[in-house]
Amino acid sequence: MIEDITFVYMAVIAVLAALATVLVRSPVRSALSLVVVVFHVAGLFAVMDAMFLAVIQVMVYAGAIIVLFLFTIMLLDLRHEAGEPYLHKNQLWLGIPLAILLLVEAGWIALNTEPLAEAARGAYDAAAIAELGGTGQALAEVLFNEYLLPFEIAGVLLLASSVGALLLARRPDEDKLPDAPDPVDDVTGPDDERAEGGAAIWPTR
Amino acid sequence: MDLVSTLALLAKGLVVLLIFLAAPLIFVLAERKILGRIQSRRGPNRVGPLGLFQTVADGIKLGTKEDIIPPAADRVVFWVAPLFMVIPAIAAWSVIPFGPMVEIGRETGLWITNLNVGILFVLALGSLNTYGPVMSGWSSNSKYAHFGALRSGAQIISYELTLGLAVLAVVVYAGSFSLIDIVESQRHMWLVAPQFLGFLIFIVSGVAETNRAPFDLPEAETEIVAGYFVEYTGIRFAMFFIAEYANMFLMSMLVTVLYLGGWNGFTIPGLEGVSGVVWTMAKALTLMFGYFWLRATLPRLRYDQLMSFCWKILLPLGVLNLLVASVLRMVWS
């Protein structure tokens with residue numbers, strides 16, 4: 001009974017906050033509505049006894065990703081977009097078919113929840129998870145035995161993307177220069193050794 | 001769940017809430033006294049015997065002051081931000097164990113709940129600590145607050161990473177995410193012995209996470225006045241204060257639980273519960289003293305020192321520590 005009430009509360013607030021994310025004009029408030037969505041989705045996971053997933057949801061999405069959104073919004077100091085229309089004409093052509101597709105998918109899933117959930121769960125029903133010691137252990141069991149290769153490939157993919165991001169963020173001429181002077185040493189002015197060679201190579205960037 | 005266990009749960013919750021509210025009162029006074037002694041002063045000694053009621057008087061003063069919202073502020077976000085400071089700080093206490101299983105009429109543990117992902121829960125709530133500073137700093141629409149918010153955000157995100165790495169090594173040793181299991185696994189040897197490097201990384205990151213000296217750049221009084229909460233007054237200002245001290249105490253409890261064996265220690269047969277609580281509190285309070293000591297001793301870091309220390313020293317050390325811990329664990333088991 002309490003679980004049902006909690007579930008309905010979490011679901012309703014999550015949907016309302018998701019609407020607010022799209023409809024609110026101020027970028028910061030929009031990002032904060034997204035935080036509310038993330039919390040309530042984590043709450044849904046918790047109601048369904050997937051504590052590990054709930055905690056990871058909060059840690060990764062609320063704790064890292066949306067913080068970075070907020071950071072960017074604050075650094076660029078985006079305040080309001082009062083003059084912007086709610087809908088752009090070009091969005092409609094893509095948006096309406098996609099919305100219909102999403103509705104159909106949601107309906108299909110809603111009709112097939114039981115068999116789908118059974119298929120997705122595999123050998124791990126509540127008793128099996130409890131025997132392993134919790135959802136964290138169950139996840140590790142699957143991830144590091146059955147799906148080790150896909151897991152590692154995903155890891156390599158993420159590594160490649162972060163290396164790529166670093167490469168893009170580097171200034172192109174940086175690797176031609178000697179080691180950048182440490183700003184810690186620089187406070188008292190360049191010391192003698194650096195002043196000799198440094199002045200020539202290290203000029204007017 | 002029957003009536004008795006529901007009542008027991010409520011009672012435990014109330015006790016933890018009382019600790020949460022009383023801790024800042026006590027620690028602010030203790031900090032001022034200790035700082036005073038270290039600087040050859042007496043510290044507050046006028047209000048009540050030995051100045052014991054100083055923070056109570058300060059609290060009443062803050063509570064009765066006008067609650068000012070700057071006209072240029074974003075009212076909603078400004079109003080919500082202090083709550084984002086306080087709520088994660090309270091919620092994390094629900095998984096912290098204060099003592100072992102005891103017999104009070106029936107078997108019960110001296111903790112609110114034994115979550116099997118307890119330490120991850122604490123880390124997740126810790127990662128929410130960015131929101132309070134960032135929201136309050138942005139919504140105040142003041143340059144000092146803005147600077148404080150940016151510093152705080154960058155600092156908390158960076159040091160969270162090294163904190164998590166240190167915790168992972170503990171999890172590798174204990175074989176569980178549950179804080180109670182972690183304490184149980186230290187029955188014969190505190191984890192500070194095999195994990196000394198991790199212990200140091202955790203303590204340094206913990207001080208940085210709580211924005212305390214020498215990592216108190218987000219609220220550096222001498223450069224940006226008070227940082228992200230400079231525009232707050234009265235009871236909302238007090239909420240930032242409560243959250244800061246509660247987070248410090250939480251961090252001390254975490255170090256106790258993860259590295260110093262929690263409630264493990266010499267015990268008198270029949271008094272396991274009492275001695276467990278005494279041990280936990282003694283360890284945590286010693287660490288709190290360390291916080292105050294640090295503040296009295298070390299000068300503030302510069303911003304670039306703060307960042308390069310985290311990313312170039314602590315992070316590689318943390319990864320190394322985790323690797324070594326995993327290998328040792330593989331060899332032993």
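Every number in this text was worked out from the coordinates using simple rules, so none of it is lab data. Nothing here was measured: the structure is a model prediction, and the numbers come from that model. Every residue, glycine as well, gets a Cβ built from its backbone with ideal geometry; the counts of neighbours run over all protein chains shown.
Which angle between 0 and 90 degrees, to the nearest 10, do you get for helix B:272-297 versus the longest principal axis of chain B when only C-alpha atoms count? Between helix and principal axis, roughly 40 degrees. Between A:R29 and B:V4, with labels modelled 7 Å along Cα→Cβ, what's the label distance in nm to one decimal, could you check? Output for this residue pair reads 5.2 nm. Across the alpha-carbon atoms of chain B, the computed radius of gyration and Dmax are 20.4, 63 angstrom. Loop-located chymotrypsin sites (Phe, Trp or Tyr not before Pro) in the range B:241-323 (DSSP state other than H, G, I, E, B) with a sparse environment of at most 12 neighbouring Cβ atoms within 10 Å: B:F266.
Relative to the longest principal axis of chain B, what angle (0 to 90°, nearest 10) does the C-alpha long axis of helix B:234-258 take? Roughly 20 degrees between the two axes. With contributions of -39500 (n - 2.57) from each DSSP H run of at least four residues, the per-residue ellipticity at 222 nm computed over chain B stands at -21500 deg cm²/dmol. Extent of the range B:190-333 along its three principal axes (Cα atoms, max minus min coordinate, largest first): 52, 41, 25 Å.
Please work out the Kirkwood hydrodynamic radius for the protein assembly as shown, using every pair of different C-alpha atoms, and report it in angstroms with one decimal place. If you can, show how the numbers build up before the last one.
Details: mean 1/r = 0.0382 Å⁻¹.
It works out to 26.2 Å.
Largest mean-square fluctuation among B:G273, B:G227, B:G137, in a Gaussian network model of chain B whose springs join Cα atoms under 10 Å apart, belongs to B:G273. Counted by neighbouring Cβ atoms within 10 Å, the residues A:L139, B:L250, A:L157 run from fewest to most as A:L157, A:L139, B:L250.
Over the whole of B:131-140, what's the average partner chain Cβ count within 10 Å per residue? Rounded to a whole number, please.
On the way: counts 7, 0, 0, 6, 6, 0, 1, 6, 1, 0.
So the per-residue partner count for this stretch is 3.
Pairs of Cα atoms in the range B:84-186 fall into 10 Å distance bins, from 0 up to the last occupied one, in shares of 14, 34, 28, 16, 7, 1 percent.
Calculated FRET efficiency, B:K61 to B:E221, Cβ-Cβ distance, R0 = 22 Å: about 0.70 to the nearest 0.05.
Exposure proxy ranking for B:L254, A:L98, B:L3, based on other Cβ atoms within 10 angstrom of each Cβ and starting from the fewest, stands as B:L3, A:L98, B:L254. Computed as a quarter of the hull surface, the mean projected area of the alpha carbon convex hull for the range B:11-50 stands at 3.4 nm². FRET efficiency for the pair B:E107 and B:I19, taken as 1/(1 + (r/R0)^6) with r the Cβ-Cβ distance and R0 = 25 Å, rounds to 0.65.
Amide H contacts under 5 Å for B:G109: B:V102, restricted to partners 5 or more places along the chain or on a different chain, H placed in the peptide plane at 1.01 Å from N.
How far is helix B:54-64 tilted, in degrees, relative to the longest principal axis of the Cα atoms in chain B, given as a value from 0 to 90 rounded to the nearest 10? Between helix and principal axis, roughly 60 degrees.
Averaging sequence separations of C-alpha pairs under 8 Å and six or more residues apart, then dividing by the length of the range B:70-332, give the relative contact order as a whole percent.
Numbers: 400 pairs, mean separation 67.2, N = 263.
Worked out over the range B:70-332, it gives 26 percent.
Can you list the lysines whose alpha carbon sits under 24 Å from that of B:K12, skipping same-chain ones fewer than 8 residues off? Those lysines meeting the cut-off are B:K283.
Between the range B:115-153 and the range B:6-29, the alpha-carbon centres lie 23 Å apart.
Structure remark: mean-square fluctuation, Gaussian network model of chain B, C-alpha springs under 10 Å; the largest value among B:N264, B:N129, B:N141 belongs to B:N141.
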